[in-house]
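Asks: Please see the structure below; I have some questions.
The values are calculated or read from the model by the stated rules, or taken from the named source; none is laboratory data. Keep in mind that what you see is a predicted model, and the values were worked out from it rather than measured. As a convention, Cβ positions derive from the backbone with ideal geometry for all residues, glycine included, and neighbour counts pool all protein chains shown. When the accessible area is computed, the model is the full protein with side chains, heavy atoms only, and any ligands, DNA or RNA have been set aside. Shrake-Rupley method; radii C 1.70, N 1.55, O 1.52, S 1.80 Å.
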Amino acid sequence: SKKPVRVAVTGAAGQIGYALLFRIASGEMLGKDQPVILQLLEIPDEKAQKALKGVMMEIDDCAFPLLAGMEAHSDPMTAFKDTDYALLVGSRPRGPGMERAELLAINGAIFTAQGKALNAVASRDVKVLVVGNPANTNAYIAMKSAPDLKPGNFTAMLRLDHNRAASQIAAKTGKPVASIKQLAVWGNHSPTMYADYRFATIDGASVKDMINDQAWNKDVFLPTVGKRGAAIIEARGLSSAASAANAAIDHMRDWALGTNGEWVTMGIPSKGWYGIPKDIMFGFPVTCENGEYKVVEGLEIDAFSQECIDKTLAELQGEQDGVKHLL
Ligand code: NAX
């Protein structure tokens with residue numbers, strides 16, 4: 001049987017954590033033959049640590065055959081020790097009335113510390129996924145704080161946007177969601193993301209031709225996907241949690257185990273693809289094989305798409321400029 005791998009999860013007592021940990025421990029992320037050791041990080045606060053203990057009691061009570069160990073931590077320097085996978089979920093999202101500078105300062109502190117800790121103690125091949133918002137910029141901060149690790153192993157979660165887009169297209173076309181191939185989401189995990197179905201197919205047929213309605217694309221589809229997070233909060237009184245955890249599982253599973261040539265979306269540091277400046281943490285269409293992702297290159301970018309990509313890029317560059325002084 002396989003040697004256990006170490007999976008660190010931050011914000012482990014939060015709502016995404018609660019929807020995520022059980023699925024990792026059951027083998028849905030890394031395979032039903034891959035034992036895992038969970039290294040869980042929460043803030044030192046007594047209430048958070050107590051809540052984490054409660055979640056761990058429930059995980060114990062599942063008697064997961066693949067769970068080879070489980071630890072609670074309050075310090076990233078111990079939580080990330082030798083970790084092979086790190087899911088950085090805990091962060092401080094923007095609250096009502098919170099100034100942008102305040103948001104950037106709080107997350108700057110969290111993600112510089114966590115990037116440094118990964119740099120110091122994690123596996124040299126650690127695969128990092130940042131879920132906590134602002135996800136792209138937090139991933140950028142962590143990457144810049146970990147100069148001894150491969151920058152390309154720091155990624156941000158765009159998969160929820162990708163899955164939301166797939167679901168909307170399935171509803172519009174009346175086709176099963178699993179039949180949709182070659183969907184892409186470009187840019188920032190924010191309402192400016194550009195979900196792009198120009199290359200998508202269903203049973204070999206063009207989705208763009210099937211829908212054939214640019215007004216729907218611009219006025220219905222893009223705003224629906226972009227504002228989906230807000231719509232969930234409005235309906236549920238809480239932000240997306242199970243769907244976010246599901247997207248994190250999808251992202252890590254596909255990265256680790258491969259996509260068999262199918263496209264998925266990952267936020268990754270640009271190497272200049274499609275004119276996106278180097279190091280910008282940007283959503284791109286990728287395929288994964290042997291634990292590596294590869295950008296789908298050579299796609300034509302038309303005028304409307306370029307406009308959308310420029311807008312989400314400008315937003316990300318603004319965020320990145322806002323944290324420069326921290327790095
Ligand atoms: P919760 O507030 O339920 O949980 C967050 C947990 O993180 C808390 O238990 C908190 O104590 C912990 N935490 C905070 N700072 C920490 C630190 N420095 N180290 C370790 N733990 C820390 O939030 P939840 O609903 O779970 O959401 C978590 C994050 O995901 C938020 O930033 C949220 O905005 C973001 N999201 C990102 C999405 C994406 O697609 N990228 C979608 C869903 C979600 O909104």
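Asks: What pairs can you find where one residue is in the range 1-26 and within 14 Å of the ligand (Cβ to nearest atom), the other is open to solvent by less than 10 Å² (accessible area, probe 1.4 Å) and among the aromatic types (Phe, Trp, Tyr), and their Cβ atoms are less than 7 Å apart, with a gap of 6+ or different chains?
Replies: Qualifying pairs under 7 Å: Ala8/Phe80.
Asks: Quick check on my filter: what residues within the range 77-134 are among the β-branched types (Val, Ile, Thr) and more than 10 Å from the ligand (Cβ to nearest atom)?
Replies: Residues satisfying the conditions are Thr78, Thr83, Thr112, Val121, Val126, Val128.
Asks: Which one is nearest to Pro65 (Cα to Cα), of the residues in the range 28-50 that are β-branched (Val, Ile, Thr) and more than 9 Å from the ligand (Cβ to nearest atom)? Before you say what the answer is, go through the steps one by one.
Replies: Applying the first criterion (β-branched (Val, Ile, Thr)) to the range 28-50 yields 36-37, 43.
Now restrict to residues that are more than 9 Å from the ligand (Cβ to nearest atom): 36-37.
Details: Val36: 10, Ile37: 12 Å.
Looking at residues that are β-branched (Val, Ile, Thr) and more than 9 Å from the ligand (Cβ to nearest atom), I get Val36.
Asks: Scanning the range 221-239 for residues that are within 11 Å of the ligand (Cβ to nearest atom) and among the β-branched types (Val, Ile, Thr), which turns out nearest to Ala195 (Cα to Cα)?
Replies: Looking at the filtered set, the residue picked out is Ile232.
Asks: In addition: Of the residues that make up the range 273-292, is at least one farther than 20 Å from Leu313 by Cβ, in a helix (DSSP H, G or I) and modelled with pLDDT of 95 or more?
Replies: Our first condition is that a residue be farther than 20 Å from Leu313 by Cβ; within the range 273-292, this holds for 287-292.
Checking which are in a helix (DSSP H, G or I) leaves us with none.
No, the range 273-292 contains no residue that is farther than 20 Å from Leu313 by Cβ, in a helix (DSSP H, G or I) and modelled with pLDDT of 95 or more.
Asks: Moving on to the next point. Looking at this structure, is Ala171 open to solvent by 30 Å² or more (accessible area, probe 1.4 Å) and in a helix (DSSP H, G or I)?
Replies: Working: open to solvent by 30 Å² or more (accessible area, probe 1.4 Å): yes; in a helix (DSSP H, G or I): yes.
Yes: the conditions hold for Ala171.
Asks: Same structure, new question: Scan the range 53-64 and tell me whether some residue there is closer than 21 Å to Val126 by Cα, buried (at least 19 other Cβ atoms within 10 Å of the Cβ) and either near the ligand (Cβ under 10 Å from one of its atoms) or hydrophobic (A, V, I, L, M, F, W, C) (or both). Let's see the steps before the verdict.
Replies: Kept after step one, since they are closer than 21 Å to Val126 by Cα, are these residues of the range 53-64: none.
Within the range 53-64 (the criterion being closer than 21 Å to Val126 by Cα, buried (at least 19 other Cβ atoms within 10 Å of the Cβ) and either near the ligand (Cβ under 10 Å from one of its atoms) or hydrophobic (A, V, I, L, M, F, W, C) (or both)), the answer is no, since none of the residues qualifies.
Asks: Hey, can you tell me all the residues within the range 223-261 that are surrounded by 15 or more Cβ atoms within 10 Å (Cβ to Cβ) and farther than 24 Å from Gly90 by Cβ?
Replies: Listed by number, the residues that qualify are Thr224, Val225, Gly226, Leu257, Gly258, Thr259.
Asks: From (1) within 13 Å of the chain's Cα centre (by Cα); (2) within 14 Å of the ligand (Cβ to nearest atom), pick out the condition that doesn't hold for Asn153.
Replies: All conditions are met except number (2).
Asks: Are any residues in the range 168-219 closer than 30 Å to Ile280 by Cα and among the basic types (Lys, Arg), and if so, which ones?
Replies: Listed by number, the residues that qualify are Lys181, Arg198, Lys208, Lys218.
Asks: Given the criterion part of a helix (DSSP H, G or I), within 20 Å of the chain's Cα centre (by Cα) and surrounded by fewer than 18 Cβ atoms within 10 Å (Cβ to Cβ), identify the matching residue among Ala113, Ala120, Ala101, Ala105. First the steps, then the outcome.
Replies: On the way: Ala120 fails: within 20 Å of the chain's Cα centre (by Cα); Ala101 fails: within 20 Å of the chain's Cα centre (by Cα); Ala105 fails: within 20 Å of the chain's Cα centre (by Cα).
Every option except Ala113 fails the conditions.
Asks: So, in the range 191-216, how many residues would count as being within 30 Å of Thr137 (Cβ to Cβ) and open to solvent by 20 Å² or more (accessible area, probe 1.4 Å)? Show your work before the answer.
Replies: We begin by selecting, within the range 191-216, every residue within 30 Å of Thr137 (Cβ to Cβ); these are 191-200.
From the residues that got through so far, the ones that are open to solvent by 20 Å² or more (accessible area, probe 1.4 Å) too are 191-192, 198-199.
Qualifying residue count, the range 191-216: 4.
Asks: Another question, if that's okay. Only residues in the range 238-263 that are at pLDDT below 95 count as the first member; pair them with residues that are part of a helix (DSSP H, G or I), Cβ under 6 angstrom, at least 6 apart or cross-chain, and list the lot.
Replies: Ser239/Ile233; Ser240/Gly229; Ser240/Ile232
Asks: Just checking, how many residues over the range 67-76 are open to solvent by 50 Å² or more (accessible area, probe 1.4 Å) and within 12 Å of the ligand (Cβ to nearest atom)? Reasoning before the result, please.
Replies: Step one: list which residues in the range 67-76 are open to solvent by 50 Å² or more (accessible area, probe 1.4 Å), which gives 68, 71, 74-75.
Then keep just the ones that are within 12 Å of the ligand (Cβ to nearest atom); that gives 74-75.
Number satisfying all stated conditions: 2.
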